[in-house]
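A.B. asks: If you scroll down you'll find the structure; I have some questions about it.
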Amino acid sequence: MQYENVGMTAGQLSIDLPAVAANCYRCASRFQDDIVALRGIDSVEVDARSRKVTITYEPEKVDLETIDRVGTNAEAKLERTYRHAIYQLRGMDCEDCAATIGASVKRLPGVSGTDVNFIATTLRVEFDEPSARDEDVISMVRDLGYQAVVGAARAEPAADRPSIWRFFARDEHARTTLAAITLLAVGWSLAFAPSLGWLWRAILAVAIVVGGWPIALRGIRAIRYARSLDMNLLMTIAVLGAAAIDQWIEAALVVVLFSVGEALETYSMDRARISIRALVNRAPAQARVLHGDHEHLQPATEVKVGDRIAVQPGERIPADGRVVTGITAVNEAPITGESALAPKEPKDQVYAGTVNDAGFFEMIAERPGADTTLARIIRMVEEAQARRAPIQRFVDRFARVYTPIIVTVAVSVALVPPLGFGQPFGDWFLRALVLLVIACPCALVISTPVAIAAALSSATSNGVLIKGGAFLEALGKVRTIAFDKTGTLTRGMPAVTEVVPFGGESEAEVLRYAAALERRSEHPLARAIRRAAETTGLSGQLPEATDLEIAAGRGISGTVLGHAISVGSPAFLGDESVDIASARSDIRRLSASGHTPIMLARDGQLIGLIATADEVREEARPTLQALEQSGVQHRVMLTGDRDGTAAAVASDMAISDFHAELLPEDKVAIIRDLARSDGPVAMVGDGINDAPALAAADIGIAMGVAGTDTALETADVALMGDDLRRLPEVVALGRRTMRTVRLNVTFSLTTKAVFIVLAVAGLSTLWMAVLADVGASVAVTVFGLRLVRHRWHSHKVTKAHTRHAR
């Protein structure tokens, strides 16, 4: 344990966080708990990213030696005991399978917790004993009838996605299903010959064994290892019960329909997972690293900071970095979602996973290959899939209660009428078996995660990172959005909006003098003047300026074409004894509307005024209009600028309210007030400066965060590109997702309710119940997968708005 006093107070120190804790949030939290339990500790702040723990303590109650000793013990415990592992699962085709795997592995010695992600087919295991081994987990999963390998798997290339016929030909379970179908067809056809009763029963029995053995095996293993009554066991009981009362055709039909349904569900989910995990395939496999004059191919994950890399046309860029030689155009859609090619020249930023479309270039890596922007996005998408939305947690809780209740009802239906009222046992027993089939909550449980995962995949493919289902659900409910002004509704850089000449000068001449004087300045207003000169074609006609004198923050003076030129604020020119009385009305007018007036004098005489203002994004107004049309009724602008500047921007856009001259804490207070009065509130900012307000909002939306660590890590929703037009589509996606989830849940519950009534009334057969259950599962999967192809057409819509606005 190493620690250092950070010098703020006598009772504050910084401790290096163990490397293991830096890579595990839960481990870091446990480490924090060990320290905070000490008497005399006022606060403990863990920053896993910088691997530091900042501790505020009372020296009279606890000394550094005690903190050091407990911290050292915690570090040893973390390294020795606390660890987690992630496994890729194979053969898991239903949520019941996922629940069985999680519950069974959790019963292993040394395992403190498990988390199975059905959509991503991953198993996360928390270990709390040094004796726990990966081999024990893999063996348990194998005993359950599935496979587990350490680590995550790459998605299949799109070209390798099998057709449904190839799937049935290749998949082992699908082949046994086809065999069971054939045997059922033969046995059923022979059932019409009374003299062959023994033969067709035998053939149907074989069909039941062939198709039902894998189902029965999984059900037995679930009750043995996980102590759970899953759908496989319920289906096995139903089939055996039907056979026991001589309903052989019914029993075989149940097995075949259930097996076909499982195969179709596996096929659908495999295609869904390939689409959802296709993001992984954007990561390039190799990099052309230059060593002197030699080019060496190596895995992209082994790229180090400072490596010089060659990138050929058509190749994926292997690392985050900057161009050093060459000019090209890059397709940045894998990161930003923007389909238009981005021109690149020396010093420009490039990102791993984007495609070099045009010329050859060389770059310097600025991030290690394993920690690129794309790698962080992939990691966050995987974490987002594991985070359950509130509605999903509700469905899971409901399903856990629903199944035991229906099983209890089924037992009552089988026993009460025959024993209590003398009803025929066979008839009520069959009704009870139908209820057992209906007790399987497959469609209900899968209805939510498949829709949310599909929506997350669609968003990521279009340059929007949503951190989990909870934020999708919140987006579907939001009716109030607050916007930062600078850098969000505006470009965050000044632009020349007006040139007012005096004394008979032309606008071009005023700009020419000002641009010549500001040619070498890097001040934002100087750059705005130079851009205006370039736009008007003056950049090639600028004379040289000499004898430059700079008054920091006020203005600049020098000699241009033999004339003494001064450019600066009204106060600066007043100090230079320049009479600016003729410009007073223009200065007041421009200042009142949020503009910054820049005065220009030649040989002591005022010759012009240049007005600058923060440039409003051209897409801001149509974006706000689109939000208004979509039901976002309250659109609020928050800014630290003067009231006049804020009013000018607000009046030009569909802003329903604005607050000016705000400090960061003022923005937080307003966000909280809006949440109390309007319900869920989203805050849109440019990533870093608005962090407190983004954190205070129900949904923090950061834009233009490609390559920005802080914004990417802290935002709930990240618009990777610097394009506000994505916002209405994000809101639309959230609302469409919640409509789909509600449709799926309603459809699943309605189907179950109808068949419960039919079963008790004796109007439903076993095969009808299985067909309904299978059909509902496939239907909700298809409904959910439609979100993968959600249409992101915001650009077309907002361009039309822009033309109309002009």
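A.B. asks: Using θ = phi - 60° and the Karplus curve 6.51 cos²θ - 1.76 cosθ + 1.60, what whole-Hz ³J(HN,Hα) does each residue of segment 728-737 get, with Gly and Pro shown as x?
C.D. replies: Per-residue couplings from phi come out as x, 6, 5, 4, 4, 5, x, 6, 5, 4 Hz.
A.B. asks: Using a 1.4 Å probe and ignoring any ligands, DNA or RNA, find the accessible area of E618 and quote it in Å² to the nearest 10.
C.D. replies: E618 exposes around 110 Å² with every protein chain in place.
A.B. asks: Moving on to the next point. For T121, what accessible surface area do you get with a 1.4 Å probe? Give it in Å², rounded to 10.
C.D. replies: 10
A.B. asks: Another one. From the protein chains alone at 1.4 Å, what is the descending order of accessible area for E129, E507, E619, largest first?
C.D. replies: My answer, sorted largest first, is E507, E129, E619.
A.B. asks: Dividing the convex hull volume of the Cα atoms of segment 573-665 by its residue count, what figure in Å³ per residue is obtained?
C.D. replies: Spelled out: Cα convex hull of segment 573-665, divided by residues, is 113 Å³.
A.B. asks: Further, regarding this structure: Using a 1.4 angstrom probe on the protein heavy atoms only, line up W200, W248, W767 by accessible area, largest first.
C.D. replies: Descending order: W767, W248, W200.
A.B. asks: Same structure, new question: Using modelled backbone amide H atoms (1.01 Å from N, in-plane), which distant-in-sequence or interchain residues come within less than 5 Å of T122's amide H?
C.D. replies: L89, N117
A.B. asks: Find the eigenvalues of the gyration tensor of the Cα atoms of segment 512-603, then list the square roots of 5 times those eigenvalues as equivalent ellipsoid semi-axes, largest first, in whole angstrom.
C.D. replies: 21, 16, 12
A.B. asks: A further question follows. Sorted by mean Cβ packing within 10 Å, highest first, what order do the peptides 737-749, 659-671 take? Write out the running numbers ahead of the final one.
C.D. replies: Working: 737-749: 20.2, 659-671: 17.0.
The most tightly packed comes first, giving 737-749, 659-671.
A.B. asks: At a 1.4 Å probe radius, which order do D603, D657 fall into by accessible area, largest first?
C.D. replies: Ranked from most to least accessible, the order is D603, D657.
A.B. asks: Past the 16 angstrom mark, what percentage of all C-alpha to C-alpha distances in segment 412-495 do you count?
C.D. replies: Of the Cα pairs, 74 percent sit more than 16 Å apart.
A.B. asks: What percent of all Cα-Cα pairs in segment 605-710 falls in each 5 Å bin, counting up from 0?
C.D. replies: 2, 11, 19, 22, 22, 13, 4, 2, 2, 2, 1, 0
The values are calculated or read from the model by the stated rules, or taken from the named source; none is laboratory data. Bear in mind that the values here come from a model prediction, so they are computed numbers and not experimental data. Note that each Cβ is placed from the backbone with ideal geometry, even for glycine, and that neighbours are counted across all protein chains shown. Side chains are part of the model used for accessible areas, which takes the heavy atoms of the whole protein and leaves out ligands, DNA and RNA. Shrake-Rupley method; radii C 1.70, N 1.55, O 1.52, S 1.80 Å.
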